[in-house]
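Peer 1: Handing you this structure, nothing more for now.
The values are calculated or read from the model by the stated rules, or taken from the named source; none is laboratory data. It should be emphasised that the depicted structure is a prediction, and the values quoted were computed from it without experimental measurement. No Cβ is skipped: glycine too gets one built from the backbone with ideal geometry, and neighbour counts run over all protein chains shown.
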Amino acid sequence: MNKKKRIVPFIKYIITLFFAVALASEGFGEGKIQLDEKGKLFSIAQSLEFRKRPYIKEDESFCKSFLGALKAKREIEFIEPIIRTDDYNDPRLQTYLGKCPKLHLNKSVAFEPRIWEYAKTLPEEERERLGTVTFTNMDFRLYHVDVDNNPKNGKEYLFYGGGGFSPRLNMAASFTNYLLVDFEKCEIKGSGQVRDTVNYLTKKPTGDYNFVIRFRGKTYILELDYYPNEDSYYVPLYEWRIAKINKKLSAFLLCSYESQKPEKGGNKK
């Protein structure tokens with residue numbers, strides 16, 4: 001069994017780009033956020049502590065204030081997806097995706113930075129052979145929410161796909177992505193990486209959850225990650241801002257919280 005390791009996924013080891021290349025999808029289903037997901041988060045929140053990290057610039061006052069709101073179940077709005085399905089070809093989902101037939105949101109190609117320097121000089125159709133291709137297969141969600149926190153330009157569409165799988169590696173993905181999609185221009189305007197919610201090989205939930213939330217007028221991504229080898233929970237909060245590397249909206253770690261269960265005969269440090 002693969003051990004889950006603590007990784008801050010954003011732009012640290014790989015650069016992920018999404019291309020208009022073809023390929024197509026038990027379940028999470030549709031409707032309101034499932035009670036076990038949200039309930040689990042609220043339950044764990046009571047034992048969470050803010051962890052300041054030396055390599056992350058954090059607003060300690062804000063992070064502690066958010067944690068207080070999470071524990072009290074106040075001020076935080078959980079955004080419901082307008083569509084949630086395990087079928088990429090679901091007609092409801094394809095009503096939107098069909099506007100951009102060359103934009104396949106269930107496929108991504110990732111490159112190591114040293115390879116990307118060469119790969120980016122190649123024609124787009126040739127780059128794929130140098131990267132790792134991953135397809136998402138279930139837990140598809142489409143949100144309509146103000147991601148860029150600019151009410152003047154209205155709401156944006158945010159797409160998520162889980163159950164990632166790499167055919168070349170024959171491995172389930174550890175991480176999958178939120179994609180900010182412009183269906184009028186058929187462009188991906190931004191992205192954010194989270195731990196996958198479903199293991200493609202076992203077809204079972206991984207025990208990791210992610211949520212789109214609004215808090216004090218802004219949109220964030222909130223995760224609940226479980227590390228069984230440590231018997232601990234890690235809850236990161238991500239904010240949307242422009243990335244220097246590609247000038248697109250990206251989800252960056254803003255706050256992080258941890259909870260550990262005590263060992264028998266003592267506390268876990």
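Peer 1: When only residues in region 147-189 that are part of a loop (DSSP other than H, G, I, E, B) and among the charged types (D, E, K, R) count, which is surrounded by the most Cβ atoms within 10 Å (Cβ to Cβ)?
Peer 2: Result: D148.
Peer 1: Can you tell me which condition E263 does not meet? The list is (1) at pLDDT 95 or above; (2) over 18 Å from N150 (Cα atoms); (3) surrounded by fewer than 17 Cβ atoms within 10 Å (Cβ to Cβ), and all the others hold.
Peer 2: (1)
Peer 1: While we're here: Tell me, please, whether a residue that is touching a strand residue (DSSP E or B) at 6+ places or on another chain (Cβ under 7 Å) and under 18 Å from R84 (Cβ atoms) can be found in region 169-177.
Peer 2: yes
Peer 1: Filter region 140-157 for residues that are within 15 Å of Y220 (Cβ to Cβ), at pLDDT 95 or above and in contact with a Leu (Cβ under 7 Å, 6 or more places away or on another chain) and give the result.
Peer 2: Passing the criteria: Y143, V145, V147, E156.
Peer 1: Name the residue that is modelled with the lowest pLDDT, counting only residues in region 103-131 that are among the polar types (S, T, N, Q) and buried (at least 18 other Cβ atoms within 10 Å of the Cβ).
Peer 2: Result: S108.
Peer 1: Among what's in region 99-146 and is assigned to a loop (DSSP other than H, G, I, E, B) and over 21 Å from the mean Cα position of the chain (by Cα), pick the residue that is farthest from T202 (Cα to Cα).
Peer 2: The selected residue is T121.
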